[in-house]
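The values are calculated or read from the model by the stated rules, or taken from the named source; none is laboratory data. Bear in mind that the values here come from a model prediction, so they are computed numbers and not experimental data. Reconstructed Cβ throughout: ideal geometry from the backbone, glycine too, with neighbour counts over all protein chains shown. Quick note on the areas: whole protein, heavy atoms, side chains included, nothing else; ligands and nucleic acids left out. Shrake-Rupley method; radii C 1.70, N 1.55, O 1.52, S 1.80 Å.
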Amino acid sequence: MAIEGREKILLSLGVVDMQYKRIPCDFKNHHLSLRVEESSNYPNYLVVKVLYQGGQTDMIGIDVFQVGSSTVTSLRHNYGAIWSTNMVPNGPLQFRFAITSGYDKKFVYSKNALPADWKIGVIYDMGIQIKDISQISCDPPCDNVRRN
């Protein structure tokens, strides 16, 4: 993050406040996908990594349910794009993603399902693209802050 040759100046500041600006991601040739991670243990423990999220949003929750069922199980957010559950429903699995959208949250349902015999290491296309924009604010407005 430091400008070449100015690392010592940055280090001398110690702890500094950081601001960042979100930029939208557009994965034109990819839908939101889930990769079943190696730490999964079929059929009792499911760990997924969210790929190709798109938009300018945060994933704030993921629920899983058996196709055709109304019983929902929430996945636990482990870290980064990794989510897990040890209460995996039987059968093909559909997902509901809670994302930030505007100043609120929004639910997006997968069009495609994980097959009942999901496999570790396989990437499953959820058949949706997220293009929402999450409204964030920082004080002063991020766009008007000049950095030296």
Considering every residue within the range 45-58, establish whether at least one is over 18 Å from the mean Cα position of the chain (by Cα), of a type outside the set (Val, Ile, Thr) and open to solvent by 40 Å² or more (accessible area, probe 1.4 Å). yes
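Answer with yes or no whether Gly91 is touching a His at 6+ places or on another chain (Cβ under 9 Å) and of a type in the set (Gly, Ala, Ser). Explain how you work it out, then say what you get.
Working: touching a His at 6+ places or on another chain (Cβ under 9 Å): no; of a type in the set (Gly, Ala, Ser): yes.
Considered against the rule, which asks whether it is touching a His at 6+ places or on another chain (Cβ under 9 Å) and of a type in the set (Gly, Ala, Ser), Gly91 comes out as no.
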Pairs needed: first member in the range 116-133, open to solvent by less than 70 Å² (accessible area, probe 1.4 Å) and assigned to a loop (DSSP other than H, G, I, E, B); second member anywhere, of a type in the set (A, V, I, L, M) and modelled with pLDDT of 95 or more; C-beta distance under 8 Å; at least 6 residues apart or different chains. Ala116/Leu93; Trp118/Val36; Trp118/Leu46; Trp118/Leu93; Gly121/Val36; Val122/Val36; Met126/Leu34
What number of residues within the range 73-111 are touching a Gly at 6+ places or on another chain (Cβ under 8 Å) and touching a residue at least 60 places away in the same chain (Cβ under 8 Å)? 2
Residue in the range 60-67 that is farther than 15 Å from Asn41 by Cβ and not in a strand (DSSP E or B) present: yes
Of those in the range 59-81 that are of a type in the set (Val, Ile, Thr) and open to solvent by 30 Å² or more (accessible area, probe 1.4 Å), the residue nearest to Lys119 (Cα to Cα) is Val67
Determine if the range 14-26 includes at least one residue that is open to solvent by less than 40 Å² (accessible area, probe 1.4 Å) and more than 17 Å from Ile130 (Cα to Cα). no
Could you tell me whether Ile99 is modelled with pLDDT of 85 or more, open to solvent by less than 50 Å² (accessible area, probe 1.4 Å) and farther than 26 Å from Asn44 by Cβ? yes
Quick check on Ser84: is it assigned to a loop (DSSP other than H, G, I, E, B) and either under 20 Å from Ala116 (Cα atoms) or open to solvent by less than 50 Å² (accessible area, probe 1.4 Å) (or both)? no
